[in-house]
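Have a look at the structure below, then the notes.
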Amino acid sequence: MSVKRSMTSFDLRVEVQELAPLIVGSRFQKAFDPVANALLIRLHRAGEGRVSLLTQLGRFVVATEQELKTPKTPGHFPALLRKHLGNAPLTAIAQHGFDRVVTLSFGSEPTTDLVLELFGRGNMVLVRDGRILGVHHSETWKDRTLKGGSEYILPTSRSDPTAMDLAEFRASLEGGVDSVRALALGANLGGTYAEEVCLRAGVDKTRTPGDLSEDETASLHA
């Protein structure tokens, strides 16, 4: 059995829901980089104690009770967080649409937002009032730039399969080479869930979406 290497959009949807009651209302204490491309945030909730949040670029964000060895001197990005977040309260955690992007909001309006981009090789961005205070590493694409002082633009949001009605779902499958790839790409399910949906719906994953009956398409949607 293959080892799971990173969180999917579905995983993040559930993770954010489970983390919210655990960390919202706590206060920022410190940040560390225990290993390369990772960030450990220590939060404290009055009367309940410490909560540690661990994220690794392009892979995951989780609460952890593991005692991780941390360097005496924080790297540039944890130091940036310490400078701008201080003892600020964590007021919200949210997933951007159905994308692998999670935002932790600290303080009152305008909040200071720590954006965890978990797609591709990943990145971490600190944003206030729409401007980037700092990034884990600078990146540039044709439609967005991640570097200090730039306007922060969220990545273009992909479709949310959990919010599609039947007509939208059917349209998302059009042009697919086969049902499983149409689900994985067009409906934004990813390979693992696309395989499972075909299995549970009793639909041969190799069939083209245009050959499916209305009942079969409805079964996939359900």
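The values are calculated or read from the model by the stated rules, or taken from the named source; none is laboratory data. Computed from a predicted structure; not experimentally measured. Note that each Cβ is placed from the backbone with ideal geometry, even for glycine, and that neighbours are counted across all protein chains shown. Only protein heavy atoms, including side chains, enter the accessible area calculation; ligands, DNA and RNA are left aside. Shrake-Rupley method; radii C 1.70, N 1.55, O 1.52, S 1.80 Å.
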Give the residue that is nearest to ASN188 (Cα to Cα), with candidates limited to residues of the stretch 94-103 that are open to solvent by less than 40 Å² (accessible area, probe 1.4 Å) and among the hydrophobic types (A, V, I, L, M, F, W, C). PHE98
Any chance the stretch 19-30 includes a residue that's under 23 Å from PRO78 (Cα atoms) and charged (D, E, K, R)? yes
Does THR91 qualify as being among the hydroxyl-bearing types (Ser, Thr, Tyr), modelled with pLDDT of 90 or more, under 30 Å from ALA184 (Cβ atoms) and assigned to a strand (DSSP E or B)? no
Within the stretch 43-88, track down each residue that is part of a loop (DSSP other than H, G, I, E, B), within 21 Å of SER9 (Cβ to Cβ) and either among the aliphatic types (A, V, I, L, M) or open to solvent by less than 30 Å² (accessible area, probe 1.4 Å) (or both). LEU57, GLY58
Filtered residue count, the stretch 174-193, keeping only those that are modelled with pLDDT of 95 or more and crowded, with 20+ Cβ neighbours inside 10 Å: 4
I need the full set of residues from the stretch 130-156 which are open to solvent by 60 Å² or more (accessible area, probe 1.4 Å) and either within 23 Å of LEU185 (Cβ to Cβ) or among the small types (Gly, Ala, Ser) (or both), in order please. SER138, TRP141, LYS142, ASP143, LEU154, THR156
Flag if PHE106 is over 15 Å from LEU43 (Cα atoms), surrounded by 18 or more Cβ atoms within 10 Å (Cβ to Cβ) and either of a type outside the set (Ser, Thr, Tyr) or touching a His at 6+ places or on another chain (Cβ under 6 Å) (or both): no
